[in-house]
Amino acid sequence: MKQLKKIAVECRNIGLSYDGGKTEVLRDINLRVEPGEFFALLGPSGSGKSTLLRLIAGFNQHQRGQLLVDGKDITGVPPYGRNIGMVFQSYALWPHMTIWDNVAFGLVERRMDRATIKQKVGAALDLVGLTQYANRRPNQLSGGQQQRVALARTIVIEPQVLLLDEPLSNLDKKLRVQMREELRSLQRTLGITTIFVTHDQEEAMTTADRMAVMDKGVVQQLGTPAALFDYPSNPFVANFVGTTNLLPGHVDHVGGDVVRFRGNDVGEIRLPRHPDVREGPTAISFRPHTVRMVIGDAVRDPGYVWMDGAVEHCEFLGEFTRYRVRVGKATITADQAHYSGMSPFSERSAVGLGIDATQVRYLPI
Ligand code: ADP
C-alpha cells in the first residue's frame, strides 16, 4: 500500500458534558497531533479518553471548542462525512462474512469497481500478513489475527486519520508485545496520523511518539514518553507514568545552595539548590531505580543525600530487587540492580538510602 497523506488533528478548547451540562466529561482540551504522528491518549479508566477519541470520529458531539482535521473545522460533520478510520476494542467484524469480504466491505459500500476492490483488499491483507486466510471466517482466526483484519478493514479505505480504541487489550501479554511492534511498523509504513487510547502506560511509552496523559477529563501533560517520565509536571503524571516515590511536604527555605524540604512523613531533607524550587507546599518525586542503598553502617557516598531506613519488604524480580524501606512514617521504594552472586538486604535490616539530587523533581501541590 502507498503512503497516505499526512494530516494534523487539533483540538481547541474542547468541552463536552452530559445531562445538560451537569456531568462535565472533557474540559478545555487543547492538543495538536502532528502529521504522521503516533499519538497516545493515556489515562485511568473514566478519564475521558474514549469520549475524546469518539468525538474525533464523530460519534460524540462536543458543546464547546473546535476540532480541526487538516486545518478544517469538522465539528458539525457527521461520522460518515469524515474520512476517519476507527478500530474498535471489540474489532466488530462481521461473523458471517469471509475475511476478504470483511476487508472489502467499506469499498463495496463506496461502490468502487471490482478490479480496484480486488487490488486494494489484496494489498491490505498482504500488509497485515493475512493473504492466506482470505477465505476464512473471523471465528477461525486467533485474537491477534482478528485484530489485524480489523486494521486491514480500516486502512483499506485510506482514511486521513486512524483511531484505535484500546487496540491490544483483548490480547494476551505476549501477543500484546508482538502486536504493538507490528502496529508501530504498520503505522510507519503507511505514515498515517494515528491516535490510540490506552490505560497501559507501558504500551503508550513503548509505541507513542508523543502522548497526552488525561485525568478527570483534563489533559494533565503532553509530550514525548521520555519527557513525561523525566519531567512530570504534577504528582498525578509522576505516579501514572512509571513508578515513583512521591513525598508530600513543604519547602520552607530556599537559600544559598540549599533547599530545605520538610516532608509530611519523612522529616527534614536538605537538598542542593534547584532552579525549579519555590517555597511552599511541594511534593518531591524520585524514581526507585535512582535510589542507592547501603547497609546501615557502611561508608556513604557524599554525592548523595542520605536517609536512614529499615527494610520492610523485598521482592526479587530477576533484573533487580524491589525494596520497600521504612523512613519515618513513609515507605520508600528502591530498586537495586541484581547480578548473580549478590545477596539481598534482609527484611528488617537497617539501611541507608541515597537520593541522587539531580533526579529529584519538585512538584507543586
Ligand atoms: P475512559 O475512556 O478514559 O475510560 P470515558 O471517556 O469512557 O473514559 O468516560 C469518561 C467519563 O464520562 C466517565 O466518568 C463516564 O462515566 C462518563 N460518560 C461516558 N458516557 C456517558 C454518557 N453517555 N452519559 C453520561 N456520562 C457518560
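The values are calculated or read from the model by the stated rules, or taken from the named source; none is laboratory data. Remember, it's a predicted structure, so these values are computed and weren't measured experimentally. Heads up, the Cβs are rebuilt from the backbone with ideal geometry, glycines too, and the neighbour counts pull from every protein chain shown. SASA here: full protein model, heavy atoms, side chains in, ligands and nucleic acids out. Shrake-Rupley method; radii C 1.70, N 1.55, O 1.52, S 1.80 Å.
What to note about this one:
- Pick from region 17-37, criterion within 12 Å of the ligand (Cβ to nearest atom) and assigned to a strand (DSSP E or B), ranking: surrounded by the fewest Cβ atoms within 10 Å (Cβ to Cβ): T23
- Verdict on I14 being in contact with a Gly (Cβ under 6 Å, 6 or more places away or on another chain), in the same structural domain as L127 (by TED's automatic domain parsing) and either within 11 Å of the ligand (Cβ to nearest atom) or not small (G, A, S) (or both): yes
- Residue match in region 113-133 (condition: open to solvent by 30 Å² or more (accessible area, probe 1.4 Å), small (G, A, S) and modelled with pLDDT of 90 or more): yes
- Search result, residues across region 134-144 that are modelled with pLDDT of 90 or more and part of a helix (DSSP H, G or I): P138, N139, Q140
- Only residues that are under 14 Å from the mean Cα position of the chain (by Cα) and crowded, with 17+ Cβ neighbours inside 10 Å were counted in region 240-264, giving 3.
- Within this structure, L190 passes the test of being surrounded by 16 or more Cβ atoms within 10 Å (Cβ to Cβ), in contact (Cβ under 8 Å) with a residue 60 or more places away in the chain and closer than 20 Å to I99 by Cβ.
Quick grid of which residues meet (1) among the aromatic types (F, W, Y); (2) touching a residue at least 12 places away in the same chain (Cβ under 8 Å); (3) assigned by TED's automatic domain parsing to the domain that holds V277; (4) touching a helix residue (DSSP H, G or I) at 6+ places or on another chain (Cβ under 8 Å):
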site: Q220; (1), (2), (3), (4): no, yes, no, yes
site: P225; (1), (2), (3), (4): no, yes, no, yes
site: D230; (1), (2), (3), (4): no, no, no, no
site: H253; (1), (2), (3), (4): no, yes, yes, no
site: V258; (1), (2), (3), (4): no, yes, yes, no
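- Pick from region 282-338, criterion more than 19 Å from P272 (Cβ to Cβ) and of a type in the set (F, W, Y), ranking: surrounded by the most Cβ atoms within 10 Å (Cβ to Cβ): Y323
- Matching residues in region 41-79 - criterion: being more than 12 Å from the ligand (Cβ to nearest atom) and in a strand (DSSP E or B): R64, G65, Q66, L67, L68, V69, K72, D73
- Selection within region 80-96 - away from the ligand (no atom under 16 Å from the Cβ), at negative phi and hydrophobic (A, V, I, L, M, F, W, C): I84, L93, W94
- The residue pairs whose first member lies in region 170-181 and is open to solvent by less than 40 Å² (accessible area, probe 1.4 Å), whose second member is small (G, A, S) and assigned to a helix (DSSP H, G or I), and whose beta carbons are closer than 7 Å, counting only pairs six or more residues apart or on different chains, are L171/G143; L171/G144; M179/G144.
- Strands (runs of 3 or more DSSP E) (entirely within region 167-262) containing at least 1 residues that are within 16 Å of the ligand (Cβ to nearest atom): 193-198, 210-215, 218-223
- Of everything listed in (1) polar (S, T, N, Q); (2) within 25 Å of G43 (Cα to Cα); (3) surrounded by fewer than 20 Cβ atoms within 10 Å (Cβ to Cβ), the single unmet condition for Q147 is (3).
- Residue selected from region 38-73 under the condition of a type in the set (D, E, K, R) and under 14 Å from D165 (Cβ atoms), by the criterion most open to solvent (accessible area, probe 1.4 Å): R54
- Any pair with Cβ under 6 angstrom, 6 or more apart, that starts in region 102-124 at a residue that is in contact (Cβ under 8 Å) with a residue 60 or more places away in the chain and ends at one that is open to solvent by 30 Å² or more (accessible area, probe 1.4 Å): A123/M1
- Selection within region 150-169 - free of Cβ contacts under 8 Å to residues at least 40 places away in the same chain and either open to solvent by 20 Å² or more (accessible area, probe 1.4 Å) or outside the structural domain of T116 (by TED's automatic domain parsing) (or both): none
- Test: residue in region 276-299 that is more than 30 Å from Q220 (Cβ to Cβ) and of a type in the set (S, T, N, Q): no
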